[in-house]
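Let me begin by presenting the structure, written as structure tokens, before commenting on it.
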Amino acid sequence: MAHGPAAGPGTPSPAHENMLPSPQAVAGAALDCFAALPRTGKPQAHEHTVLAAIVLSTPTPHCPPTLCVAALATGTKCLGASARDPGGAALNDCHAEVLARRAFLLFLHAHARDLGSQGAVNPLCRDEEGGGGCGAPRLRLRPGVGVHLYVSQPPCGDACVHDAEGREAAHGSAGGTLGEARSQENAASASDDREVLGKTGCTLSEKHKQDNPPPTRTLPRTGAKLLGLESQEQALGTAPATIPEPHTRPQASGHLRRKPGRGEGTLSMSCSDKLARWRLLGLQGGLWSRLLAAPLALDSVTVHVPRGAGADATLRALRRAVVDRVAPAAAAAALGVEALPPAPALRVLPADAAAEALGLAPGPARRSAAGGCLLWHALPGGAAAGVPRGALEGLTGVLGLRSGHKRKLGEGIRPSAASAASRLRLGRSFVDLLRLLQAGGAGEDAAGVQRAGDLELPGAATMVSGPRPALLSYGEVKARCGGEYYERWAGLRRHAFFEHWIPKPPAELHLDVSGLCL
């Protein structure tokens, strides 16, 4: 949603809060959409996973806002540094929040292609006031459309590290034991790092309570690794060194962390860190920044609190992770309060039985983190027979590929194995969309694929033309279409807080995105 000046750093304005849908409505829309999807990529009976969804709201006079789930995803896995694919066909980070954002980009691609079509209302429209971007008309969300993120568990990283007040509350109250399923898996099988609750106690008789007093809550911990001073000395493409954090001591709060991989360290920042970046720069990323009249800011973030965790402590950790800790960096990089939208409203909900029944929380029967993931985005045209109309993909999280495909060491990845949300296919989809928009909306070629004419990029002559496009690298498209976005990011990187942000290996920017979408 386009916003005016913020009321204060990290504080949504009262008017902004009053326009938002309730957190229960946002969570309900996400869970209902997930439940309506086929079994593809969903956890099995003994598995649990994490769900993230991006929900759009449209104001309705005298009624609560109308909600539409634009994109959702599940996932808990991440590739190690040496398993990353320079060709861009594999998804390096299959955590739910990251996949949901990439699915949202697919949603934007689909609806940008549908501009001008008759039928359901498109949440995108042309910006009549702004100039063109990349030789194409600038786009924006329709007035009043809000963007909301739902996550079934607190994001990994800093949002799972409770402050001193939260630690005291945890140790001073009886109840279930707050554990860390991913840490247990890491010790046994070097698995992933999503913070979840361990087993919880059941109701006991008074006699049994006297004989077996309920355990004290342990501190919530994150499996994401604390980045240290040594990380800047690592070679590009290798996992940076981290600072050990013994389980006998509280974890440090307010710092950058990377996700652990399956035995090997990763180059992926924690979901809390990525959310903080999206708060400052928008969800759209570099490619889309040139096409949009304004960054796509989150209006709210809703998180379910795991059983046994304190709601107040969880909310404080979420606010610190997403808003408070990046405010000094934003100010130092000349991204002052006046240049930022209001901070997203941060809301937490108690543990939900419906979410648990869908496999979105661990339990006695769901002890293993799911290896499969799903990725879904809505398509133009609305729902059919109560089932959301969209594109669904099942993924194998430990490979970053579509379900049913394998990857052998030393061999390339087949194009058919690449997810629609991979860098390769998203990059090619963006180039094709840009050609289409620059032509003012073209028809279809003989193969039934929408095509346009020559492609023009800022600061260069025509780069791609004719039916056989010339080589065009992903990095070149990002640099030319996302100049202002990356300038703002470079300004943030100069601040001490972002000093240890892990850069992507340069080889990953060389993939060719000039051809037709796969």
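The values are calculated or read from the model by the stated rules, or taken from the named source; none is laboratory data. It should be emphasised that the depicted structure is a prediction, and the values quoted were computed from it without experimental measurement. Glycine gets a Cβ as well: all are built from the backbone with ideal geometry, and neighbour counts include every protein chain shown. The protein model used for the area step is the full one, side chains on, heavy atoms only, and it has no ligands, DNA or RNA in it. Shrake-Rupley method; radii C 1.70, N 1.55, O 1.52, S 1.80 Å.
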LEU349 long-range amide H proximity, modeled H, under 5 Å
VAL303, HIS304, VAL305
For a quick check: with amide H placed at 1.01 Å from N, whose amide H comes under 5 Å from LYS77's, ignoring anything fewer than 5 positions away on the same chain?
CYS94, HIS95
Take GLN24 and ALA332, extend 7 Å from each Cα along the Cα→Cβ direction, and tell me the distance between the two endpoints in nm.
4.3 nm
Can you compute the FRET efficiency between ARG249 and ALA311 using 1/(1 + (r/R0)^6), with r the Cβ-Cβ distance and R0 = 25 Å? Round to the nearest 0.05.
0.50
J(HN,Hα) series, the range 38-52, from Karplus relation 6.51 cos²θ - 1.76 cosθ + 1.60, nearest Hz, glycine and proline x:
x, 6, 3, x, 7, x, 7, 4, 9, 10, 10, 8, 10, 10, 10
Contact order relative to length for the range 38-147, counting C-alpha pairs under 8 Å separated by 6 or more residues, stands in percent at 24 percent
The range 285-334 - percent of accessible surface contributed by carbon and sulfur, probe 1.4 Å
58 percent
When only Cα pairs under 8 Å and 6 or more residues apart are kept, what is the percent relative contact order across the range 266-385?
29 percent
Classified through the alpha carbon gyration tensor (a ≥ b ≥ c as square roots of its eigenvalues; rounded if a/c is under 1.5, else prolate when a/b is larger than b/c, else oblate), the range 41-118 comes out oblate
Which links in LYS274/LYS504; LYS225/LYS408; LYS77/LYS259; LYS408/LYS504; LYS42/LYS77 stretch past 19 Å when you go from one Cα to the other?
LYS225/LYS408; LYS408/LYS504
I want to check the label-to-label distance for LYS504 and GLU264. Put each point 7 Å from Cα in the C-beta direction and report it in nm to one decimal.
1.9 nm
Contour minus Cα-Cα span, ARG142 to LEU115, at 0.36 nm per residue, comes to 8.5 nm
Going by average Cβ density within 10 Å per residue, which order do the peptides 298-311, 501-514, 103-116 take, highest to lowest?
298-311, 103-116, 501-514
Sorted by packing (mean other beta-carbon atoms within 10 Å per residue), highest first, where do 414-425, 316-327, 148-159 land?
148-159, 316-327, 414-425
What FRET efficiency comes out for LYS408 versus GLU128 if R0 is 60 angstrom and r is the Cβ-Cβ distance? Round to the nearest 0.05.
0.70
Anisotropy class of the range 23-84 from Cα gyration tensor, a/c 1.5 cut
prolate
Could you run the Karplus curve 6.51 cos²θ - 1.76 cosθ + 1.60 with θ = phi - 60° over the range 60-69 and give me ³J(HN,Hα) per residue in whole Hz, x for Gly and Pro?
10, x, 6, 9, x, x, 7, 10, 9, 7
